[in-house]
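A short write-up of the structure that comes next.
The values are calculated or read from the model by the stated rules, or taken from the named source; none is laboratory data. All values derive from a computational prediction rather than experimental measurement. Positions of Cβ are generated from backbone atoms using ideal geometry, with glycine treated the same way; all protein chains shown enter the neighbour counts.
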């Protein structure tokens with residue numbers, strides 16, 4: 001599935017040129033909901049189509065900030081559904097085969113509501129079962145504050161059983177902050193559903209989206225676990241500038257991931 005650079009539409013277009021130069025795919029990141037409020041969804045999609053080179057492999061990251069799939073407030077639920085619908089419409093318009101969404105899980109939420117993890121997973125599944133998902137777009141659930149991979153796996157299993165096309169995305173940087181478990185356990189537990197991985201680095205405290213190899217994420221264990229399971233998910237570099245992208249491609253070259261994920265040699269990064 002290859003390696004993807006991250007493009008935030010409200011930011012510089014440098015990441016698109018970088019992706020084209022290095023033969024990468026592009027992850028269109030719509031995480032900021034207010035961006036979807038600036039103009040009609042069709043216009044946003046049209047503007048993105050104009051700037052993205054034809055034939056470039058794509059994925060979409062759906063809006064997530066301030067959204068709640070399990071809120072007891074009807075209006076918050078309505079807005080959350082609207083932002084998900086807009087994200088899915090853009091993915092469909094761009095021809096992206098998938099859209100990645102956070103589950104909205106947080107330990108604090110469960111403490112306030114007194115839901116069990118299983119009850120929360122059921123409510124998230126109910127939200128997605130009520131959504132109209134465009135044909136050809138797969139829903140991808142990503143870990144954010146989840147402490148254990150089993151919750152994400154259970155959601156994927158439940159949604160698949162209800163007929164919704166779904167896979168999972170393992171964000172190694174989020175797990176480094178929120179989970180006490182090694183990356184090898186995450187890969188092992190999610191293996192059957194794992195289609196994508198989000199890569200960045202951090203110090204274990206703040207999700208700072210550092211270049212790979214400049215923080216404390218266990219990338220050695222991560223790539224070893226993928227190799228052991230014979231998995232080759234798409235790798236999305238969730239980085240905010242081309243300097244960090246370039247540094248991270250060099251890191252991937254040095255650990256051999258260029259050759260395994262993109263068929264590249266040991267050329268310049």
Problem set entry | Output for the range 159-186, where each listed residue is touching a residue at least 40 places away in the same chain (Cβ under 8 Å) and out of contact with any strand residue (DSSP E or B) (no Cβ under 7 Å at 6 or more places or on another chain) | 176, 183, 184
Seminar exercise, completed: Those residues of the range 135-153 that are over 12 Å from residue 198 (Cβ atoms) and in a loop (DSSP other than H, G, I, E, B) come to a total of 7
Exercise. Residues 45, 91, 5: which one is surrounded by 12 or more Cβ atoms within 10 Å (Cβ to Cβ), out of contact with any helix residue (DSSP H, G or I) (no Cβ under 7 Å at 6 or more places or on another chain) and modelled with pLDDT of 95 or more?
Worked result: 91
Seminar exercise, completed: Per the filter on the range 171-207, residues part of a loop (DSSP other than H, G, I, E, B) and more than 23 Å from residue 60 (Cβ to Cβ) are 179, 180, 181, 182, 202, 203, 204, 205, 206
For this session: Could you please let me know if residue 156 is under 27 Å from residue 251 (Cα atoms), in contact with a helix residue (DSSP H, G or I) (Cβ under 6 Å, 6 or more places away or on another chain), free of Cβ contacts under 8 Å to residues at least 60 places away in the same chain and not in a strand (DSSP E or B)?
Result: no
Exercise. Which ones in the range 159-170 are part of a helix (DSSP H, G or I) and buried (at least 20 other Cβ atoms within 10 Å of the Cβ)?
Worked result: 159
Seminar exercise, completed: All conditions in (1) surrounded by fewer than 18 Cβ atoms within 10 Å (Cβ to Cβ); (2) modelled with pLDDT under 90; (3) under 25 Å from residue 231 (Cβ atoms) are true of residue 121 except (1)
Problem set entry | Filtered residues of the range 138-158 (kept if farther than 28 Å from residue 203 by Cα and buried (at least 21 other Cβ atoms within 10 Å of the Cβ)) | 139, 155, 156
Exercise. Across the range 101-124, what is the number of residues that are in contact (Cβ under 8 Å) with a residue 24 or more places away in the chain and either within 18 Å of the chain's Cα centre (by Cα) or closer than 18 Å to residue 65 by Cα (or both)?
Worked result: 9
Exercise. Among (1) crowded, with 21+ Cβ neighbours inside 10 Å; (2) closer than 26 Å to residue 7 by Cβ, which single condition is residue 187 missing?
Worked result: (2)
Exercise. Quick one: would you say residue 231 is surrounded by 23 or more Cβ atoms within 10 Å (Cβ to Cβ) and in a loop (DSSP other than H, G, I, E, B)?
Worked result: no
For this session: Could you please let me know if residue 180 is modelled with pLDDT of 95 or more, surrounded by fewer than 19 Cβ atoms within 10 Å (Cβ to Cβ) and within 20 Å of residue 85 (Cβ to Cβ)?
Result: no
Problem set entry | Failed item in (1) in contact with a helix residue (DSSP H, G or I) (Cβ under 9 Å, 6 or more places away or on another chain); (2) farther than 22 Å from residue 140 by Cβ, with residue 75 passing the rest | (1)
For this session: Answer yes if at least one residue in the range 57-78 is at pLDDT 95 or above, surrounded by fewer than 23 Cβ atoms within 10 Å (Cβ to Cβ) and closer than 30 Å to residue 22 by Cα, and no otherwise.
Result: yes
